[in-house]
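Report on the structure given below.
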Amino acid sequence: MRRFLLTIGLALAAWGVAAQTQVPAAAPAPAAAPAETSLGVKSANVFQIAPGADADPKYKDQTNAERGQVQPGNNAPMWRAVGQGVTGYSSLPKSQAPEAGNLIQPFVQYPGSRLASAGESWRQVRNKIIIPYGAALLLIAVGAMALFYFSKGTLELHGQETGRKIERFTPFERSAHWANAIAFVTLAISGIVMAYGKFFLLPIIGSTLFGWLTYALKNLHNFAGPLFAVSLVVVFVTFLKDNMPSKDDLVWVLKGGGLFSGTEVPSHRFNAGEKVVFWGGVLFLGAIVVGSGLVLDKLIPGLIYERSTMQIANMIHGVATLFMMAMFIGHIYMGTIGMRGAYKAMREGYVDETWAKEHHELWYDDIKAGKIPAQRSTPAAASAPAASTASV
Ligand code: HEM
């Protein structure tokens, strides 16, 4: 056994020495001098130029073909043209590749950026304007809600509840609302991670996990988008009638909704503040967000999806979603901790008589007067006993 180990040891030592003292392989023979071309020689990676050719005043503006005459292989004129957004020849069918032959987009100057190729200009607008100012807008919205909450707290009822219930939202209205709300929140969270995740999430979870997460969220975003589009239309149609402006809204606005006086201003089913969210958020911003989102999802038939189309849609989508999120931060605040009973109304459908009287007095008066039924959905579908509403 000992002899065997000794032999192995010696063999290994010999091999090691041999490896160390390997005679370095002979340096490869120098490559043969490149063949002399008609206008000069071509060395390894520099294209020989015909003597004096670059002294030609037209040298800089030569076309690629002209340059090939004096300096074969030098495609600088072509790349200069490419860099200026010139479209060259491509065998790709235009129908499939509308921008075939155009490697770098022509120069444009989007608002807030410097003159550069459209791609670069878009990148500047996104990274230097939309992302930082968008973050500021969202933080201001959250900050304002926090300030409001810590200064005013949850808006409570002044009077006692009577126990008599009024149906504020039918089961259909609630399911339309929550389908829309869930799609919106999914889109907002996935959108925020895609836009801002690299600042607050990537440093914590690392690139691998972040890569997978953003990939999954991007796909979730692309699927939740069309759901949001459909549910938004349903929500718009469903709540349209009660969001029509009325003269009482003007009084509400002029009194700031009683925000500073502490006494609530009478309003119909939805007050002027809710109507601004409806027309400004659901309709105006909603339409822009959905429209630009469908372009980014390439879901608009017949549209030619060029890079500029996607860049412009991306910028519009970015700005509109940031404003919509800021607006709905206020709505969600009021719809959760901001006002006692509001969330319960959208979850169960009913409010107490006192709630209706204090927060939507004109709506309550119409119910008292029998102009609006206290129960709109069929009792079977209703979550509260029918009897209690009749006696309002
Ligand atoms: C988590 C997210 C959300 C919560 C917690 C929430 C909560 C509420 C609550 C509690 C109400 C009842 C307010 C009242 O009684 O007057 C309400 C109404 C409403 N919500 Fe939301 N909501 C959310 C998201 C959304 C989104 C994303 C949209 C549309 C894009 C939306 C559109 C509406 C509309 C149209 C009404 C009816 C009131 C009106 O027309 O002004 N909500 N929401």
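The values are calculated or read from the model by the stated rules, or taken from the named source; none is laboratory data. Predicted model, so just to flag it, every value in this text is computed and none were measured. Please note: Cβ atoms are built from the backbone with ideal geometry, for glycine as well, and neighbour counts cover all protein chains shown. Heads up: the accessible areas ignore ligands, DNA and RNA and are worked out on the full protein's heavy atoms, side chains in. Shrake-Rupley method; radii C 1.70, N 1.55, O 1.52, S 1.80 Å.
Per-structure values
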{"item": "Selection count where residues are touching a helix residue (DSSP H, G or I) at 6+ places or on another chain (Cβ under 6 Å), aliphatic (A, V, I, L, M) and within 14 Å of the ligand (Cβ to nearest atom), scope the stretch 219-264", "result": "6"}
{"item": "From the options Gly302, Gly293, residue that is free of Cβ contacts under 8 Å to residues at least 12 places away in the same chain and either within 11 Å of the ligand (Cβ to nearest atom) or out of contact with any strand residue (DSSP E or B) (no Cβ under 6 Å at 6 or more places or on another chain) (or both)", "result": "Gly302"}
{"item": "Any hit, the stretch 242-253, residues being in contact (Cβ under 8 Å) with a residue 40 or more places away in the chain, surrounded by 18 or more Cβ atoms within 10 Å (Cβ to Cβ) and more than 16 Å from the chain's Cα centre (by Cα)", "result": "no"}
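Per-residue answers, yes or no, for (1) aromatic (Phe, Trp, Tyr); (2) farther than 30 Å from Glu361 by Cβ; (3) open to solvent by 40 Å² or more (accessible area, probe 1.4 Å):
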| residue | (1), (2), (3) |
| --- | --- |
| Glu274 | no, no, yes |
| Val277 | no, no, no |
| Leu294 | no, yes, yes |
| Thr309 | no, yes, no |
| His317 | no, yes, no |
| His331 | no, no, yes |
